[in-house]
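Have a look at the structure below, then the notes.
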Amino acid sequence: MAHHEGHDTLSEHDQSHLDIHHKIAHEKEFKQQIVSFAMMIFLTMIAFVAVASDAISDAFTVVFIMILAGIQLVFQLYMFMHLSHKGHQYPAWGIFFGVFVAGTCVVALMGMIW
Amino acid sequence: MQMKRWRNVWRFLPLLSVIALALTGCGNEQLTAMLPKGEGAEMQFNLMMLSLYIMIGVFVVVALIYTVVLVRFRRRGESDNEIPEQTEGNVVLEILWTVVPIILLLILAVPTVMTTFALDEGTEKVPKDATVIKVTAHQYWWEFEYPDLEVKTSQDLHIPTGERVYFELVSKDVTHSFWVPTLGGKMDTNTATENKMWLNAQEPGTYYGKCAELCGPSHALMDFKVIAQEKEDFEAWAKSMKEAGSQAASDQAAQGEEIFANSCIGCHAVGSEGGNTGPNLTNFGDRERVAGVLDHTDKNIKNWISNPSEFKPGNNMPAFGDQLNDEELDALVVYLQGLKVEE
Amino acid sequence: MKSNEAMTKLPANPERATLEGKNKFLGFWFFLGGETVLFASLFGVYLGLRNATNGGVTANELFELPLVFIATMLLLTSSLTSVFATMALKTNHFKRMIGWFVVTGLLGLGFLGLEIYEFNHYVHEYGHTIKSSAWGSAFYTLVGTHGAHVFMGISWITLLIIRNLRRGMDLYTAPKFYLFALYWHFIDVVWIFIFTVVYLMGKVG
Amino acid sequence: MSAHAYKKKNPVWDWLTTVDHKKIGILYLASGAFFFLIGGLEAILLRVQLLYPEFDFVGAETFNQLLTMHGTTMIFLAAMPLIFGFMNAIVPLQIGARDVAFPFVNSLGFWLFTAGGILLNLGWFLGGAPDAGWTGYAPLSTTSPGNGVDFYVLGLQISGIGTLIGGINFLVTIINMRAPGMTFMRMPLFTWSSFITSGLILFAFPALTIGLALLMFDRLFGSQFFAAEAGGNPIIYEHLFWIFGHPEVYILVLPAFGMFSEIIATFARKRLFGYSAMVFATALIGFLGFMVWVHHMFTVGLGPIANSIFAVATMLIAVPTGVKIFNWLFTMWGGKVSFPTANLFAVGFIPSFVLGGMTGVMLSVPPADYQYHDSYFVVAHFHYVIVGGVVFGLFAGMYYWWPKIFGTVLNEFLGKLHFWLFFIGFHLTFFPMHFLGLMGMPRRVYTYLSGQSLDEANFAATMGAFLMGLATIIMVWNIIQTSVKGKKAGNDPWDGRTLEWAISSPAPEYNFAQTPLVRGLDAWWLEKRAGNTQMVAAEPLDDIHMPDSSILPVLLSLGLFTAALSAIYSNWVLAIGGLALAALSMILRSVIDYHGYHIHKEDLPAEGREDK
């Protein structure tokens, strides 16, 4: 097939060289994932606390927790689903056009029926 | 008014088109949208014509190029083997046929938006002295209520001429659409929300109304009439409607009244008495059509009462052919025909 | 296809090393794009009907935040464990990957159990059903569709683990596990919006 | 075809299990044609009922069933599969691929579509077809008595899933499977439009899925989405339907645009004028297609702000569409245009579609639309777009690609007769409908009263419909005659420009013995002009990997079909059985390894081989 990449033909040396790079990259990634996770837990807690406490106004709370959800979406897409990694241009197109259509759906059904 | 200025610009448009259409036939003048008799219908018609003229301009350009291509650039026989130049395109042309249409659309878009808002004018805050009519659509008939005048009627919609009449539209069962082409465009009647619009008939007359949204088997037969009257006539009508009650003029009619009270009044009201699930019959004798579609004859009324589904498939009125004998039916018809508020 | 032994050294992105893997990877992402619209439609319906309680119980009276919080923590944690599994996949640690996926599935099962308990509670304690109001219909359809996705995910990973336990890691199995992880993250994203839009906004009123 | 004669196959089993995109293409074309004939017959019956005022032919109930099934059948069961048929048969060849990205999914998509289509039509035999219009508006659909609407809901749901996965398959195929040198900006326009269409399918169909699901819940499980008395709101359904429904129009028409682009260029013997503008216009139409759905709902009462915004957005679509029209005209300008049937349909399309586009712009004006909406004017408009655009495209594509798909050429005399009868019949049917609408005739009425000046135009329309019916009979006769004793076609009967004409007709099952190297737009034309008789190969001759065929798509579809049919009759045991069969098929697909097989290079025919 025309699109096969020649991974099988890498020499032993190249392979081990790559491995080291991978290891470093993976350790870095591992830390990022842990931080992301901690952030998401933190954001979730803030959202719940914001709702549970009566300190802030309702309208503000809604906007605030929606923003928190949006941040969590970015964490999931970019940290957990690796949307920023190489070879993800088409997936990004797919997801973002989906989000665009999704936005119009929500606006229509929320704002244009009553 | 801002709209006035636009109307002046367009004055010649409807004139031209009316002449053109008169030659080809514009349809029934009580029904067609092409001979507008209402303020709204006229505004809409002007826009229709503006867009039509712009589009015909575009079509002429396309047709010219098309004809030249078909005449000049044919391959002449099998021996004509020349390979034409493989042109890639032309940036100037591409820009030209992008920009010109945008300009044409802008010319159309400005009056479009203005008229869209103009047609909605006043529906949120109805002027104090305006006539307001609550329209309730049913499978397959129309209920009209005049809350300020305390009048209820059905099928025949009476309105005063020369002023905007405001409508509140709802539906009892499924989505219908309220349409009087000669007076103005349509508006859906929804089950969960209320819609508002206005109509303004410029001259007295009877105009045909239709249901425009598929609503079941008898969707095609959900017709109504709009009877536009001079303000005094309308007020007189409303007054006699309010006072109308059933009073039988003969023995036969009295028998009919009794039958009505036993069999019909659960669904049909006369005056303020009676049910609300079927059309209000206060001025039944004045109508031009039975059930909106049949000629208004004694025979048709009888047939209708005997078996309504034969004439309007899927409608909710039960058949009385088995319950009432010929004599009773005759009496009922005489009574119903006597229900008049007009001379 | 070469034998497993020869393939212990897998390339950097085993899920996309073959054309078949590339196709699956891209196709699945597009599928998630479509799922975004699917859930957005349900969210829209929910938002349109969230006050249509038909005189019955309201969101504010119904929802209990501690339960939702626990469910959220379960699902968020399962997202992390599936990230660990993906990292194990990329470094060719098959057993470690399986281990993390088992944990992911169990957390998902816990979440599903809570949801079933919750629905049951609403129906029997409050008479809040799919028929009781338009809001009820929208609530059960949105949250239930998400629950069905969780159920599908658990079934999928169970099948994958059973099927491939003895096969080990190769370029044929790697894309399958990777796609599951993507799917699981997507479910988590949807849940983030459900707990925000349905539960938290319901409490705000 | 000695390729693997060692694998003897039963032909029925072969067609049931095939994952070859060319065979699946033929299956799509055949079932699409079948449903097209049924939908056409329904249309004729509708027109007979409307021949005279107050005419009694089929009656009100049957008329509503016919109009619902005519619309549903033509859109979902005829136009969609015919387009998928051409996409399957042609797109992989045009990009120089041996196969699609997901052969199994491709087959599954077809069988799901078929199962859904059959289920939809079963209503005719089981107590009444759906009768709430192809739009299925609630609450008419949720309160419709009988099971008709259940068949609509579940049939469309199943075939919709098939369409959705088919769309994903083509997106990935076009992105990942292109031959070396086939960059995006060298792709033929039909491939481009298939690509955009697949994208629209992916993002539009989920909204329909939800709309139908909500209808199903309301009908089968007593939910209250559209019941106003319990707080529901039917406008939700209208939004969901048109968020899907408007892109659906472009899903249908863009591939037809692609076909015209290929056909007009081929028969003008010229490169497509303004290729990049055409690509950009296609993409723009696809994008704008998601932002205009409210123009189907101008009379719903959403208010002047919403109506104005969507009016302007709708007008914008006229711009890229106009760009396309002018580029087609200028492709022919300066060319050497010949007129076999394929090009007759393409050239006949231009004025027809321009008329449809004109009324489209007129409809985008909300105040005017208050008059047009739900009248025969709209019926005229969308038939000018869908028949004048999509059906003309499908016919043009049929005459153009028939040789590549079947290896024979359709009879030109019958073809031209077909074209002229259809063209005249089409305009005779639909042109008067503009006036019917303006004269006050609502759409979807089973009769009209006499004395309302609607008689003549209705009569003319019915006569036109008969002409179109006659044209279709001639087309069927042509197909039968050609199948029995058709003239053999060469590899390249039209002096084509794109890759599919570089290989034998019909294409061998592996398409290209060696993946071709693409050196520019209109790759095959370039090679021919350079004096080459075949494409330059991008790889040495080697064994060819082929996918395994499978019966599981049929079983899975059968499972869902059974489940849906049982659910309609509340037979939950059988419904679970059907779902179990579907689940089992999926599980089997997952646990069985499909490694495919190889066609050995020694078995490839010598012809078309570039020996090193």
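Just so you know, all these numbers are worked out from the coordinates, no wet-lab data involved. Worth saying up front: this structure is predicted, and the values here are computed from it rather than measured. Backbone-built Cβ (ideal geometry, glycine too); neighbour counts: all protein chains shown.
List of remarks:
- For chain B, built as a Gaussian network whose Cα springs stay under 10 Å, the top-fluctuating residue of B:V151, B:V110, B:V69: B:V69
- Comparing D:G199, D:P508, D:F244 along the charge dipole axis of the protein assembly as shown, the residue lying farthest to the positive side is D:P508, per the Cβ-charge model.
- Nearest-0.05 FRET efficiency for A:S84 and D:T533, computed from C-beta distance (R0 41 Å): 0.30
- Computed about its Cα centre, the charge dipole of chain D is approximately 1400 debye, with only Lys, Arg, Asp and Glu carrying charge at their Cβ.
- B:S177 long-range amide H proximity, modeled H, under 5 Å: B:T189, B:A212, B:E213
- Taking the Cα centre of the protein assembly as shown as origin and assigning +1 to Lys and Arg Cβ atoms and -1 to Asp and Glu Cβ atoms, the resulting dipole is close to 4840 debye.
- Given charges at Cβ of Lys, Arg, Asp, Glu: chain D dipole, positive-most of D:V347, D:I161, D:A465: D:V347
- Angle in degrees between helix D:103-122 and the longest Cα principal axis of chain D, rounded to the nearest 10: 30 degrees
- From most to least packed by mean Cβ count within 10 Å, the peptides A:51-58, B:152-159 give B:152-159, A:51-58.
- Flagged links, alpha-carbon separation over 21 Å, of B:K186/B:K239; D:K270/D:K528; C:K22/D:K9; A:K28/C:K176; D:K23/D:K404: B:K186/B:K239; C:K22/D:K9; A:K28/C:K176
- Cα-based radius of gyration for the protein assembly as shown, normalised by 2.2 N^0.38 Å, reads 0.98.
- Take the Cα of B:S250, step 7 Å toward its Cβ, do the same at B:A63, and the gap between the two points is 6.3 nm.
- Checking the Cα-Cα distances for B:K128/B:K242; B:K299/B:K340; B:K125/B:K172; B:K196/C:K131; B:K210/B:K231 against a 28 Å cut-off, the pairs over it are B:K196/C:K131.
- Once backbone amide H atoms are built at 1.01 Å from N, B:K186 has D:Q371 as its partners under 5 Å, excluding neighbours fewer than 5 places away on the same chain.
- Inter-label distance, nm, simple model (7 Å from Cα along the C-beta direction), C:Y117/D:L126: 4.1 nm
- Cα convex hull volume per residue for chain B (Å³): 210 Å³
- Neighbour net charge for D:G469 - beta-carbon separation under 12 angstrom, K R +1, D E -1: 0
- Net +/- balance of residues flanking D:A89 in space, Cβ distance below 14 Å, scoring K and R +1, D and E -1: -2
- Nearest-20 debye value, segment C:14-204 charge dipole, Cβ charges on Lys, Arg, Asp, Glu: 780 debye
- From phi via Karplus (6.51, -1.76, 1.60), per-residue ³J(HN,Hα) for segment D:560-573 in Hz, x at Gly/Pro: 5, 4, 4, 4, 5, 4, 5, 5, 4, 9, 6, 8, 6, 5
- Amide H contacts of B:T282 (H built 1.01 Å from N, under 5 Å, at least 5 apart or other chain): B:G271
- Kirkwood analysis of the Cα pair distances in segment C:14-204 returns a hydrodynamic radius of 17.7 Å.
- Since only D:W572, D:G531, D:L521 are under comparison, the one whose Cα sits farthest along the positive direction of the charge dipole of segment D:498-606, derived from C-beta charges on Lys, Arg, Asp and Glu, is D:W572.
- Net charge, B:G314 excluded, C-beta distance under 13 Å - Lys, Arg +1, Asp, Glu -1: -3
- Debye intensity ratio I(q)/I(0), log10, chain D, q values 0.05, 0.07 Å⁻¹ (C-alpha model): -0.22, -0.43
- Across segment C:108-122, computed HN-Hα scalar couplings (Karplus, 6.51 cos²θ - 1.76 cosθ + 1.60, θ = phi - 60°) run x, 4, x, 4, 4, x, 4, 5, 4, 4, 4, 4, 4, 4, 4 Hz from first to last residue, x flagging Gly and Pro.
- Residues listed by number, segment C:168-205, amide nitrogen under 20 Å from A:S53 label point at 7 Å toward C-beta: C:196, C:200-205
- 3J(HN,Hα) along segment B:330-340: 4, 4, 4, 5, 4, 4, 5, 5, x, 7, 10 Hz, from the Karplus curve 6.51 cos²θ - 1.76 cosθ + 1.60 with θ = phi - 60°, whole Hz, x for Gly and Pro.
- Each of B:D295 and A:M45 was given a label point 7 Å from its Cα along the Cα-to-Cβ line. The distance between the two points is 8.6 nm.
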